[in-house]
Every structure is written in C-alpha cells, then in structure tokens.
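Peer 1: Handing you a structure now.
The values are calculated or read from the model by the stated rules, or taken from the named source; none is laboratory data. Just so you know, these numbers come straight off a predicted model, no measurement behind them. Here the Cβ positions follow ideal geometry from the backbone for every residue, glycine too, while neighbour counts run over all protein chains shown.
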Amino acid sequence: MEDEGLPAVLVSGFGGPGGVCEDHLGELRKHFNLIGMQEFVGNKTHLGAKIRAVLIWGGKPAVTEELLRSLPALSVVASAGAGLDHLDLKLIASFGVKVANTPDAVSSPTADLGMALLLAAARRVVEGHQVAISPDTENFAMNWMGQEVTGATLGIVGMGSIGYRIAQRAQAFDMKILYHNRRRRKTEEEDAVGATYCERLDDLLQQSDFVMVAVSLTPQTRGLIGRRELRLMKPTAILVNIGRGLVVDQDALLQALQTGVIKAAALDVTHPEPLPRDHPLLKLKNIILTPHIGSATHQARRQMMENLVESILASLNGLPIPNEVLLK
C-alpha cells in the first residue's frame, strides 16, 4: 500500500526493462507515493493534481508538453544519469519546473567501462574468447595479435568528469594523453593527469592510437565523428564511444571498419538502442558492442537513486537542489 501522505512522484513503472529497479523501490517508497505511468494514464485528472515530481529512469517517462500541462503541481524533473538529450530543458523551464540529474554517480563506472572497452578492443578479447571456446579450435596461433596499450597515445574527445577520470586511468598505462574539449582545463588539472590540449579535433584524431568519445549529445556534437574525421585517424587506430550513439555517424563508421580506414571500434552506445537485429555492424568481427552499461553497477545505480531522492526532497522543501541543471 502506498502512503497517501507522502508526496506523489511519477515514474515509468516498476521493475522490468523500462521500470525503476526493484531493488530501489523500498527506499523510494519511504519518501514518496510512487505512481506508475499506467496508473496515471488511467486517472489523469485525479492523479495529475497530486504529482509533485517526475523521476526519470532509463530515459522514461518522456517529459512532453502534454505531460507537463497535465501536472499543475509539478516542481522538479529528476533524471538518472548525466545525459540530458532526452529532455527539452527550455520547455520544462517554461512551466517553472526545475531539473536535476546525477552526474557524479556515473563518472567513475563509465570511465571504468571506457577503459574496459579500450583494452578489450586492443587485445581482441571477444575474438579471443570465441577462438578459445570454439569446438573447431585445435591449436592457438602464435601470430594472432592485438594492439599494445601501454605507451600508446589516447585522444579523449570530451574532457568532462568522465573524460577526466579516463585520463586518470590511462596514466597507469603510461599512455600519452591528448584531449579536445569546448573549454581547456586548468593547467594544474592537465598536469595532474599528463594531458595535452588539442584546440583542433583534427590534430587529436591524426595523432591518436585510440580515440575515446566521451561527449554528451548536443546540436554541436551530433555527427561530430563522421566520414572525414574517421579518415583522419590512423589505419591502426581504435575508436571507443561511451558518449551517445548519434555523436558518431554509424554509416561512416561501418564503412571505415569494413574498408580498413580504422582498425576497430568498441561502442557502449548506438542509435537506436538496441540496433535492429539485421544491422550490418552486428556482423563485423572488428567491433565490440555493449548494451549502454556505462553506469550499470550496483554501487552506481544505488548512488543515482539516492541522488534523485535528495534532489526531489530539496526541491519540495524549497532548498537548493543538488545537481540542479541550469538552463544556459
């Protein structure tokens, strides 16, 4: 039974692939009266007037103008994760509603995954696993080789909190670190990780053995890595994308992987997600794909939930909102 005395919060659903994690429901229900979208749609007039916050998990529910008009008491939209490309911030602000996200919770696990993908692609871990377990394998080829990571040049596209943590990890591999960002980091921050700023993305692409894409999706970054950019990369280079699928032109990437323009790729993000089951990227041997699991650790998801609770409660009590997203 939900506690009707608690503030009402709209969520996509409970459990399953698109709902709030079942492990978190007990804690959430200590603070909120959770209302699923199915229940809300069945009784909009009554429930709409009660809902004070929308909690977005996995990009759902979608915050549309129709939804905002149906929630006159709405105070805050709290979205799990760092990315905001699923939200129309100007539209939400026009209704006097605030937005919060959880960037700190996702930075370290996403950086961990970025390095995992880089290492897996470099050393052909997935291909090697298939060779090792294949019933047709009779011996291991001495000349079956991958790329060396230690001492290689890593180009990080997007030196935000995730990109910076990647640089910290890459230091342990004695990598030469280049980065391209909207704004240059402070000198002391660069020195701390041994990173060199590339004002021109082209310079980074031409010099890097590995290119790690860690930018959020904006109108400026959509299609940032396209046919021209891929051709600037070394033919031995490996592309890793942990940002958003639309930052990379997938048709151009497919052609680059098929024709040897670059050596390999590892993607945690695509567009759409998942890719259609007959998509040609799925048939390539020189690509690794993971199902958008950058923040998918028990610890990170727990912290995300706690951050969302904190932000919603702050908003409802008229306090400063942790991780409030300010409209630029």
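Peer 1: Quick test for you: out of ILE321, ILE262, ILE293, pick the one residue that is assigned to a loop (DSSP other than H, G, I, E, B), crowded, with 18+ Cβ neighbours inside 10 Å and in contact (Cβ under 8 Å) with a residue 40 or more places away in the chain. Write out each step before concluding.
Peer 2: Working: ILE262 fails: in contact (Cβ under 8 Å) with a residue 40 or more places away in the chain; ILE293 fails: crowded, with 18+ Cβ neighbours inside 10 Å.
After applying the criteria, what remains is ILE321.
Peer 1: For GLN38, state whether it is part of a loop (DSSP other than H, G, I, E, B) and either closer than 25 Å to GLY15 by Cβ or touching a residue at least 40 places away in the same chain (Cβ under 8 Å) (or both).
Peer 2: no
Peer 1: What do you reckon, is ALA252 surrounded by 15 or more Cβ atoms within 10 Å (Cβ to Cβ) and either in contact with an Asp or Glu (Cβ under 6 Å, 6 or more places away or on another chain) or farther than 21 Å from THR218 by Cα (or both)?
Peer 2: No: the conditions fail for ALA252.
Peer 1: Among the residues of the range 25-34, are any among the charged types (D, E, K, R), loosely packed, with under 15 Cβ neighbours inside 10 Å and under 21 Å from VAL106 (Cα atoms)?
Peer 2: Taking the range 25-34 first, the residues among the charged types (D, E, K, R) are 27, 29-30.
With loosely packed, with under 15 Cβ neighbours inside 10 Å added as a condition, the list becomes 27, 30.
Keeping just the survivors that are under 21 Å from VAL106 (Cα atoms) gives 27.
Yes, some residue in the range 25-34 is among the charged types (D, E, K, R), loosely packed, with under 15 Cβ neighbours inside 10 Å and under 21 Å from VAL106 (Cα atoms).
Peer 1: From the list GLY96, GLY155, GLY114, pick out the single residue that is in contact with a helix residue (DSSP H, G or I) (Cβ under 7 Å, 6 or more places away or on another chain) and either part of a strand (DSSP E or B) or free of Cβ contacts under 8 Å to residues at least 24 places away in the same chain (or both).
Peer 2: GLY155
Peer 1: For the range 219-238, how many residues are on the phi < 0 side of the Ramachandran plot, assigned to a loop (DSSP other than H, G, I, E, B) and in contact with a helix residue (DSSP H, G or I) (Cβ under 9 Å, 6 or more places away or on another chain)?
Peer 2: Selection size over the range 219-238: 7.
Peer 1: Now, a different point. Which pairs turn up if I take residues in the range 169-192 that are under 18 Å from GLN207 (Cα atoms) and in contact (Cβ under 8 Å) with a residue 60 or more places away in the chain and look for partners that are surrounded by 15 or more Cβ atoms within 10 Å (Cβ to Cβ) and among the small types (Gly, Ala, Ser) with beta carbon separation below 8 Å, at least 6 apart in sequence or on another chain?
Peer 2: none
Peer 1: Could I ask something else about it? Tell me the residue from ALA152, ALA192, ALA132, ALA141 that is more than 20 Å from ASN286 (Cα to Cα) and either small (Gly, Ala, Ser) or within 23 Å of the chain's Cα centre (by Cα) (or both), please.
Peer 2: Working: ALA152 fails: more than 20 Å from ASN286 (Cα to Cα); ALA132 fails: more than 20 Å from ASN286 (Cα to Cα); ALA141 fails: more than 20 Å from ASN286 (Cα to Cα).
The unique qualifying residue is ALA192.
Peer 1: Which condition number does GLU199 fail, the rest of (1) part of a helix (DSSP H, G or I); (2) charged (D, E, K, R); (3) surrounded by fewer than 20 Cβ atoms within 10 Å (Cβ to Cβ) being met?
Peer 2: Going through (1) part of a helix (DSSP H, G or I); (2) charged (D, E, K, R); (3) surrounded by fewer than 20 Cβ atoms within 10 Å (Cβ to Cβ) one by one, GLU199 breaks only (1).
Peer 1: Residues GLY226, GLY294: which one is touching an Asp or Glu at 6+ places or on another chain (Cβ under 6 Å) and under 22 Å from THR153 (Cβ atoms)? Talk me through it step by step, then tell me what you get.
Peer 2: Details: GLY294 fails: under 22 Å from THR153 (Cβ atoms).
Going through GLY226, GLY294 in turn, just one is touching an Asp or Glu at 6+ places or on another chain (Cβ under 6 Å) and under 22 Å from THR153 (Cβ atoms): GLY226.
Peer 1: In this structure, does ILE162 turn out to be in contact with a strand residue (DSSP E or B) (Cβ under 6 Å, 6 or more places away or on another chain), among the hydrophobic types (A, V, I, L, M, F, W, C) and either outside any helix (DSSP H, G or I) or at pLDDT 95 or above (or both)?
Peer 2: Considered against the rule, which asks whether it is in contact with a strand residue (DSSP E or B) (Cβ under 6 Å, 6 or more places away or on another chain), among the hydrophobic types (A, V, I, L, M, F, W, C) and either outside any helix (DSSP H, G or I) or at pLDDT 95 or above (or both), ILE162 comes out as no.
Peer 1: Here's another thing I want to ask about it. So GLN206 clears everything in (1) under 27 Å from ALA296 (Cα atoms); (2) of a type outside the set (Lys, Arg); (3) not in a strand (DSSP E or B) except one condition, right? Which one?
Peer 2: GLN206 satisfies every listed condition except (1).
Peer 1: Let me ask something additional. Can you tell me which residue among ALA80, ALA73, ALA49 is small (Gly, Ala, Ser), touching a helix residue (DSSP H, G or I) at 6+ places or on another chain (Cβ under 6 Å) and either under 15 Å from VAL11 (Cα atoms) or assigned by TED's automatic domain parsing to the domain that holds GLU22 (or both)?
Peer 2: Testing whether each residue is small (Gly, Ala, Ser), touching a helix residue (DSSP H, G or I) at 6+ places or on another chain (Cβ under 6 Å) and either under 15 Å from VAL11 (Cα atoms) or assigned by TED's automatic domain parsing to the domain that holds GLU22 (or both) leaves just ALA80.
Peer 1: Would you check which residues across the range 82-106 are surrounded by fewer than 22 Cβ atoms within 10 Å (Cβ to Cβ) and of a type in the set (Ser, Thr, Tyr) and list them?
Peer 2: Hit for the range 82-106 is SER94, nothing else.
Peer 1: Please name all residue pairs, on different chains or six or more residues apart, with Cβ atoms under 9 Å, provided the first residue is in the range 11-35 and is under 18 Å from SER311 (Cβ atoms) and the second residue is hydroxyl-bearing (Ser, Thr, Tyr).
Peer 2: Pairs found: VAL20/SER12.
Peer 1: Based on this model, can you work out whether LEU257 counts as within 13 Å of the chain's Cα centre (by Cα), in the same structural domain as ARG165 (by TED's automatic domain parsing), at pLDDT 95 or above and part of a helix (DSSP H, G or I)?
Peer 2: no
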